[in-house]
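The values are calculated or read from the model by the stated rules, or taken from the named source; none is laboratory data. Not measured: the values here are computed from a predicted model. Here the Cβ positions follow ideal geometry from the backbone for every residue, glycine too, while neighbour counts run over all protein chains shown. Heads up: the accessible areas ignore ligands, DNA and RNA and are worked out on the full protein's heavy atoms, side chains in. Shrake-Rupley method; radii C 1.70, N 1.55, O 1.52, S 1.80 Å.
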Amino acid sequence: MNVLLIGSGGREHALSYALAKSPLLSKLFIAPGNPGTARHGDNVVIDVTDHGAVIDFCRLMKVGFVVVGPEAPLVAGLVDDLEAAGIKAFGPKKAAARLEGSKGFTKELCAEFGIPTAGYRRFTDADAAKAHVRQQGAPIVVKYDGLMAGKGVTVATTEAEALSSIDAIYAGEPNAAIVIEDCMVGEEVSFFCLSDGDRAVILGSAQDHKRVFDGDKGPNTGGMGAYSPAPVFTPELEAEAFETIIKPTVAGLKQRGTPYRGVLFAGLMLTGQGPKLVEYNARFGDPECQVLILRFASDLLPLLLASADGGLGDAKPVLSSDHALTVVMANAGYPGPVQPGSEIKGIDGAEDVGGVTVFHAGTRMDGTRLLAAGGRVLNICATGPTLRDAQRRAYEAVDRIDWPQGFCRRDIGWRAL
Ligand code: GLY
């Protein structure tokens, strides 16, 4: 079977690495991909916002299955349009992708189906939102009700911070919808399941590090590192979250006539009253996907096909008992503006460290030179029998990368260690 993978980040390099191992795969195309995905298939230039162009490409190249990596094409309805054209695709349709596309939608679903989550109010007016913040006090959480590349959430520790985040949202969009939530206390865990619209199966857990600097300091990022499994997420907590959060979500969306097929990435808070939903994402996490994929012992492709087909049945994805950890190497200045174009050397040497795999995130080739082309640039990943082994290997590999403009956190995994 020919497969087209949509996306260009570290997540898509990891997915291409796993898909390329499948005996079911004939040819893999990645649009647009990156120099890392080019090791596992053909990178192709298609404007993925032009759904007609994606459909034409699939027909021309006899693509039987499209795997959508990032959220934006899901929320834009790419899967709906592919299916309407008779092309099978992995990921939720537009109506179900609202789980990620709209925080308010998810909160209403939680209220309707009794899914544990923080108390909330929804606003479309800055003055009313601010009055609510003044009444509730801090800490309090302000969320932009739409996609903002993981950066639309402010966990405000002071009332002033919450008020200025409301001002910042309404300055950019006078009629913005926002959700204001009670602040939950506990450890955050990323929980990944696969749904076929009718039932769900557990893939695994991970924890990421969102702040840019060591000790969880500095501004939020898309994620500076991750590890899997999340030791704090015991089998008992996993079973509880699956029963109280994942199952009612799948059942609720089915009951509403918008079944959810694809990855359910639940951001959970492990509170004193049990796991509660912080937010849903409609795709694999980045960089959580990279560490999950490195532990995957099952063939990924038939699982993704079964999710799209409604045929997960009794599928039981198998993950190795190894631990995996990834360190994100980012370009100086990230998450602010960065200067692209600096040369990166030493990836082969880094991959000579036992158990190490390097996934590309924001890179490009210039002839034979590898250049930085984004904010998050490389994922230096390692597996090992313990999390400490994985961490030691990953940093040994980081130290072999020759890229003076790059930086990383030196403490990925600290919470679990
Ligand atoms: N690492 C968090 C995310 O992918 O949204």
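In table form, for the structure just shown:
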{"item": "In order through the range 317-324: 3J(HN,Hα) via Karplus (6.51 cos²θ - 1.76 cosθ + 1.60), integer Hz, x for Gly, Pro", "result": "x, 9, 10, 5, 7, 4, 9, 10"}
{"item": "Centre separation in Å (Cα based) which lies between the range 108-154 and the range 239-255", "result": "22 Å"}
{"item": "For the range 323-407: rounded, prolate or oblate by the Cα gyration tensor [a/c cutoff 1.5]", "result": "prolate"}
{"item": "Gain on full stretching of the segment that runs from Ile46 to Asp402 - 0.36 nm per residue minus C-alpha separation", "result": "124.9 nm"}
{"item": "Estimated distance in nm for a label pair at Gln273 and Phe213, the labels positioned 7 Å out from Cα along Cα-to-Cβ", "result": "3.6 nm"}
{"item": "From phi via Karplus (6.51, -1.76, 1.60), per-residue ³J(HN,Hα) for the range 35-44 in Hz, x at Gly/Pro", "result": "x, x, 5, 5, 6, 10, x, 9, 6, 10"}
{"item": "Selected from Gly197, Leu303, Ser228, residue furthest toward positive end of dipole (the range 187-309; charges at beta carbon)", "result": "Gly197"}
{"item": "Whole-Hz couplings from phi, Karplus 6.51/-1.76/1.60, listed for the range 273-278; x for Gly and Pro", "result": "9, x, x, 10, 6, 8"}
{"item": "For the chain, convex hull volume per residue from C-alpha positions, Å³", "result": "137 Å³"}
{"item": "Neighbour net charge for Ser228 - beta-carbon separation under 9 angstrom, K R +1, D E -1", "result": "0"}
{"item": "Estimated [θ] at 222 nm from DSSP helical runs (n ≥ 4, -39500 (n - 2.57)) normalised by residues in the chain, nearest 500", "result": "-8500 deg cm²/dmol"}
{"item": "Relative contact order, percent, the range 323-407 [alpha-carbon distance under 8 Å, six or more residues apart]", "result": "44 percent"}
{"item": "Interchain or long-range residues, amide H under 5 Å from Leu264's placed H", "result": "Cys193, Leu194, Ser195"}
{"item": "Fluctuation leader among Leu99, Leu60, Leu147 - the chain, Gaussian network, Cα springs under 10 angstrom", "result": "Leu60"}
{"item": "Cβ-based charge dipole, the range 2-93, positive-most Cα from Gly91, Gly69, His40", "result": "His40"}
{"item": "Neighbour net charge for Gln207 - beta-carbon separation under 11 angstrom, K R +1, D E -1", "result": "-2"}
{"item": "Spacing of the two label points (7 Å from each Cα toward its C-beta) at Asn175 and Ala38, in nm", "result": "4.5 nm"}
{"item": "Size of charge dipole - the range 187-309 - debye, nearest 20, with Cβ of Lys, Arg +1 and Asp, Glu -1, no other charges", "result": "320 debye"}
{"item": "Cβ charges +1 (Lys, Arg) and -1 (Asp, Glu), total dipole of the chain, debye", "result": "240 debye"}
{"item": "Relative contact order, percent, the chain [alpha-carbon distance under 8 Å, six or more residues apart]", "result": "16 percent"}
{"item": "Cα centroid of the range 346-401 to Cα centroid of the range 283-298, whole Å", "result": "15 Å"}
{"item": "Gain upon complete extension [Lys345, Lys254; 0.36 nm per residue less C-alpha separation]", "result": "27.9 nm"}
{"item": "Exceeding the 26 Å Cα-Cα cut-off - candidates Lys21/Lys276; Lys107/Lys217; Lys88/Lys254; Lys210/Lys254; Lys21/Lys62; Lys107/Lys316", "result": "Lys21/Lys276; Lys107/Lys217; Lys210/Lys254; Lys107/Lys316"}
{"item": "Inter-centroid distance (Cα atoms) of the range 181-227 relative to the range 35-92, Å", "result": "26 Å"}
{"item": "Computed label-point distance, nm, for sites Ala297 and Asp314 using a 7 Å Cα→Cβ extension", "result": "1.9 nm"}
{"item": "Contact order relative to length of the range 62-199, as percent, for alpha carbon pairs under 8 angstrom and 6 or more apart", "result": "21 percent"}
{"item": "Solvent accessible area, Å² - Lys107, 1.4 Å probe, full protein context", "result": "10 Å²"}
